[in-house]
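The values are calculated or read from the model by the stated rules, or taken from the named source; none is laboratory data. Since the structure is predicted, the reported quantities are computational estimates derived from the model, not experimental observations. Neighbour counts are summed over all protein chains in view; Cβ atoms, including those assigned to glycine, are modelled from backbone coordinates with ideal geometry. Heavy atoms of the whole protein, side chains included, go into the accessibility calculation; ligands, DNA and RNA do not. Shrake-Rupley method; radii C 1.70, N 1.55, O 1.52, S 1.80 Å.
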Amino acid sequence: MRAATAEVDYAALFAATPSPCLVLLPDLVIVAANRAFCQASGHTRDDLVGQPFFDAIPVNPADPDTDQVRHLVAASLERVLSTREPDTMALLKYDVPAAGRPGVFEERWWSTTNTPVLGPEGQVRWILLRVEDVTAYARERHVRDKPDRTLQMEAELYERTRKVQRLNEELRRANARQRRVALKLQEAMLRSPDLARHQDVAVRYLPAVDSLNVCGDWYDVVDLSDGRFSVAVGDVVGHGLEAATVMGMLRSALSAASRAVAGPAQALELLGLYARSIDGALATTVVSVLIDTRSQLIIYSSAGHPPPALLHPDGHCTLLDQATDPPLGARPRHVPRPQVGIEYSRGSTLVLYTDGLIERRDEDIDTGIHRLTDTLVERCIGLDPEHVADTLLTHLRVSKGSSDDIALVVVHL
């Protein structure tokens, strides 16, 4: 069989698709409508494209269920945006304008599926809204010359469909409440009292987009004596409450160790010993950095973690990758961890992060690290920590989250 070599005209395919379809932006503005949709809805393409969905396709004001209809459609579209998964609605009555009779609507029943179209970083770029006109079926349910048993079965099927939809709505509301509770828990676990005293430090935490809003990534800032403070970022393997629980224990242990020992290497040695007693803690990666503002010195040690980046005022970037050791618990016996010091200039910016910021599927991690340093050099010189953090998330295309958790700390030195 000869392979097809001609390019596919997807615009022509969309226009010719027999199923009525719309394409919406994430803000629910219509950007495309095929011929089948225009014919089914009684609208022209010019009526639809460029308009918000509910402005272009208003509900029937005479329908007593107007508010409910609008809510059901809006809820389905919002679920697609939040879950990035297709959402199929139960049969829905959504009337359309009668041709040539302004203000008059005709009864229509629809079977609707809303499908996300994802961008390269997993974000929703468009929503494909596909409908099928099932008005004939819905009206047929009311024909009385059918056998009683047939009418009864159809009525039961319809009622069960509506019941499933109501139960799904209740389940989604319960999941939303659970997410809010989980997020409050994560915020409490990541609370860093010393951070409030550092206007020169910005932090960001983004859970994986398909997680419960709790995860194993963490950050911490610990004030020490004589103008010194430590900054740490860590990453427990896994997601969910189990990883978050391990994270909480390791974070607290490292915070205490940083206050009690001479430097980051010793703190990570103690943390590694402690991690061996905790299920799920092995293979955790963490980097700990001590900043001495008086001597303008950074001292760091890393347990298998991606290297922090130091952006110098003159525009070049240094990776803190000279004191890297295996993750916690990777060695069967205790071995002292390495530690390195590096001087910095006033006005430098230090960036610590977890791998969710830089890693991409089917891509070497070094590519992601180079993308990070290039963004720092090209876009972040002279910015304050908050703007650096936002710039990195935006230009690394993870501002709305990614498939992995992200913890980010930006320090202006």
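A few points about this structure:
- Sum of -39500 (n - 2.57) over DSSP H runs of 4+, divided by residues of the chain (222 nm, nearest 500): -11500 deg cm²/dmol
- Cα gyration tensor shape of the chain, rounded if a/c is under 1.5, else prolate or oblate by comparing a/b with b/c: prolate
- Computed about its Cα centre, the charge dipole of the chain is approximately 880 debye, with only Lys, Arg, Asp and Glu carrying charge at their Cβ.
- Region 57-82 and region 319-333: distance between their alpha carbon centers, rounded to Å: 54
- Crossing angle, helix 148-189 versus the chain [Cα axis fit, 0-90 degrees, rounded to tens]: 20
- Surface share of carbon and sulfur [accessible, 1.4 angstrom probe, percent] for the chain: 53
- Considering only alpha-carbon pairs that sit under 8 angstrom and 6 or more positions apart, the relative contact order computed for region 257-413 is 22 percent.
- Among beta bridges that DSSP assigns inside the chain, antiparallel share in %, nearest 5: 95
- In Å², nearest 10: area of His198 left accessible to a 1.4 Å probe: 30
- DSSP loop GluC sites (Glu not before Pro) with at most 12 other Cβ within 10 Å: longest gap in the chain: 8-362
- Accessible area in square angstrom per residue, region 1-88, 1.4 angstrom probe: 60
- Ordering Val29, Ser76, Val231 by Cα displacement along the dipole of the chain toward the positive end leaves Ser76 in first place; charges were set at the Cβ atoms of Lys, Arg (+1) and Asp, Glu (-1).
- Radius 13 Å from Cβ of Val340, net charge of other residues (Lys, Arg +1; Asp, Glu -1): -2
- The chain: relative contact order in percent, alpha carbon pairs under 8 Å with at least 6 residues between: 12
- Annotation: the antiparallel percentage among DSSP beta bridges lying fully within region 272-412 is about 90.
- Less than 5 angstrom separates the built amide H of Arg125 from those of Val117, Leu118, Gly119, all sequence-distant by 5 or more or on a different chain.
- Tensor-based shape of region 287-387 (alpha-carbon gyration tensor, a/c under 1.5 rounded, otherwise prolate or oblate): oblate
- Phi angles of region 120-133 translate, via the Karplus equation with coefficients 6.51, -1.76, 1.60 and θ = phi - 60°, into HN-Hα couplings of x, 9, x, 7, 6, 8, 9, 10, 8, 9, 10, 10, 10, 6 Hz per residue; Gly and Pro are given as x.
- For region 200-254, the relative contact order works out to 34 percent when only alpha carbon pairs closer than 8 Å and six or more residues apart are counted.
- Three-way shape call for region 34-81 based on the alpha-carbon gyration tensor, with the a/c threshold at 1.5: oblate
- Nearest-ten-degree value, helix 385-395 long axis tilted from longest Cα axis of the chain: 50
- Acute angle (nearest 10 degrees) that the helix 66-83 long axis makes with the longest principal axis of the chain, alpha-carbon atoms: 40
- Accessible surface, per residue, of region 245-392 when the full set of protein chains is kept, probe 1.4 Å, Å²: 44
- Taking a sphere under 12 Å around the Cβ of Arg191 and counting the other residues whose Cβ falls inside, with K and R at +1 and D and E at -1, yields a net charge of -1.
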